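Read through the structure below, which is laid out as structure tokens, and then see the notes.
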Amino acid sequence: MNICKTVTLRTRPIKNGTQLSFYLDYYPGYRDEESMKTIRHESLGIYIYAKPKNQREKLYNETMTEKAEAVRCNRFESIVNERYDFFDRNKLRGSFLDYFKKKADKKNTKWQNVYKYFEKFVEGKCTFEEINVDLCVKFMEFLLTTTQLKHPTVKLHTNTASGYWSTFRAVLHTAYRDHKIKDNPNGYLDRIDTIPTEKEHLSQQELITLAETPCKHQVLKEAFLFSCLTGLRKSDIMALTWNKIQPYGDGGMFITVRMQKTKQLIKNPISEEALELIGFHDEDADRKPTDKVFVGLRNCMTQKPLKDWLDASGITKHISYHCSRHTFGSLQADAGTSIYAIQRMLGHKNVETTQIYADMSDETKKASVNRITLKPTTSPAPEPDAPISVQVNPAESA
């Protein structure tokens, strides 16, 4: 597409020709960054008298014409800045909050939560021009001291603040990349250190007990246990369709999923128990390849209904839905599965992340604790050497 070369101020008659409306004529047009549509005309919403009858109307026309011309000059300046890679200072007066919200709405719940905290921090107003190191540092301090939005009496956990802060820094990087801010503050901003926490998970016996316990929502039970057997996140479970489960050439089945969180593509074998759990071999099932596997599963089920099910099983651990993924990783480590195999099955980018499950392995810990002893070791007494039997030839002895 050709670069816009001229911006001309024009008028057109409205209201039966009694007034004129100002508009801008772009030649040959430009592409809007947000809508990606080609813009050739822009109405300014500025009107003048077509035939002024007195001095007051003439002065009014002169004033409005000056304002319309000022807008034309601003638009043309922006085009020149874009053409020659000058930073457009007019953009600095734009709303950073509006930009942030549009990005968050296209991302996920975490981005949307960070937007809500930042909106609260700046009290609903923030321009690109206000984004600097000092403001960002104050927002970091705000995250470390503020309370939860849903529970105003509970302080935001340090690890949650750390995750939100990383997301906010990603927003800053995106704004800098989009030429919305002149400088990127990230080079001057520190990270928020996280506090090591125990990744809660179910033991093998607890998993069996839970599987034997009735659940009010059968689809929740099937989905949670399927996650324990496959390591899939809740977001991937809710989006899972039947065409993602495919056969190997030499028998068996595998599941292929591009994880919504990391965009990593995984291709993992599925156990027969997992297939039985979802009724994969049910020939009478009326389903299409694009149908969801867990029909009717909702986010709200993973809160109180999940807790009620765990309580009914007698499990007192604080288990969230995501703990099903921890359960898969820790039980695989207990079973002696290679840490690199677990990494590939979970779709981790770094093996350091997967190493946590090896550290969580209860069976490994149990096997290792008895290796250190306070008692002297007694080695068994060596057996006396057996006499050497020599076979003598009777003829020789004679």
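Sorted into 5 angstrom bins from 0, the C-alpha pair distances of the range 155-276 split as 2, 8, 13, 13, 13, 14, 12, 9, 8, 5, 3, 0 percent.
Helices in the chain, meaning DSSP H runs of at least 4 residues, each add -39500 (n - 2.57). Divided by all residues, the mean residue ellipticity at 222 nm is -13500 deg cm²/dmol. Each peptide among 190-197, 121-128 gets the average number of other Cβ atoms lying within 10 Å of its residues, and from highest to lowest they stand as 121-128, 190-197. Taking all C-alpha pairs of the range 153-199, those more than 17 Å from each other amount to 45 percent. The trypsin sites (Lys or Arg not before Pro) of the range 230-284 that DSSP puts in a loop, and whose beta carbon has at most 13 other beta carbons within 10 Å, are 261, 263. Amide H to amide H, with H built 1.01 Å from N, residue 254 comes under 5 Å of 246, 248, 270, counting only residues 5 or more places away or on other chains.
Reported value for the range 96-221: 162 Å³ per residue, from the convex hull of its C-alpha atoms. For the chain, the share of accessible area belonging to carbon and sulfur comes to 51 percent (1.4 Å probe, ligands and nucleic acids excluded). Computed over neighbours whose Cβ is under 11 Å from that of residue 224, the net charge equals +2, Lys and Arg +1, Asp and Glu -1.
One entry in [x] 39, 24, 22; [y] 67, 27, 24; [z] 30, 28, 20 is semi-axes √(5λ) of the Cα gyration tensor in Å calculated from the shown coordinates; its label is [y]. Cα-Cα over 24 Å: which of 106/317; 107/317; 37/120; 107/180; 292/349; 138/182? 106/317; 107/317; 37/120; 292/349, as the Cα separations exceed 24 Å there. Under a Gaussian network description of the chain, with springs only between Cα atoms under 10 Å, the residue in 171, 293, 154 that fluctuates furthest is 154.
The simple spin-label model puts a point 7 Å past each Cα toward its Cβ; for residue 235 and residue 303 those points are separated by 1.9 nm. Cβ-Cβ distance of residue 138 and residue 176, R₀ of 22 Å, FRET efficiency by 1/(1 + (r/R0)^6): the value works out to about 0.70. Normalising the average separation of contacting C-alpha pairs (under 8 angstrom, six or more residues apart) by the number of residues puts the relative contact order of the range 263-358 at 31 percent.
Take the residue pairs 103/125; 110/307; 103/234 and return only those whose Cα atoms are more than 20 Å apart. Before the final figure, lay out the partial values.
On the way: 103/125 17 Å; 110/307 23 Å; 103/234 23 Å.
Going by Cα-Cα distance, 110/307; 103/234 fall outside the 20 Å limit.
Across the range 323-338, computed HN-Hα scalar couplings (Karplus, 6.51 cos²θ - 1.76 cosθ + 1.60, θ = phi - 60°) run 5, 4, 5, 5, 4, 4, x, 5, 6, 5, 5, 4, 6, x, 5, 4 Hz from first to last residue, x flagging Gly and Pro.
Potential lengthening of the chain between residue 8 and residue 191 amounts to 61.0 nm, from the contour at 0.36 nm per residue minus the alpha-carbon distance.
The values are calculated or read from the model by the stated rules, or taken from the named source; none is laboratory data. Source: prediction; values computed, not measured. Cβ: placed from backbone, ideal geometry, glycine included. Neighbour counts: every protein chain shown. Protein only, heavy atoms only, side chains kept; ligands, DNA and RNA dropped before computing areas. Shrake-Rupley method; radii C 1.70, N 1.55, O 1.52, S 1.80 Å.
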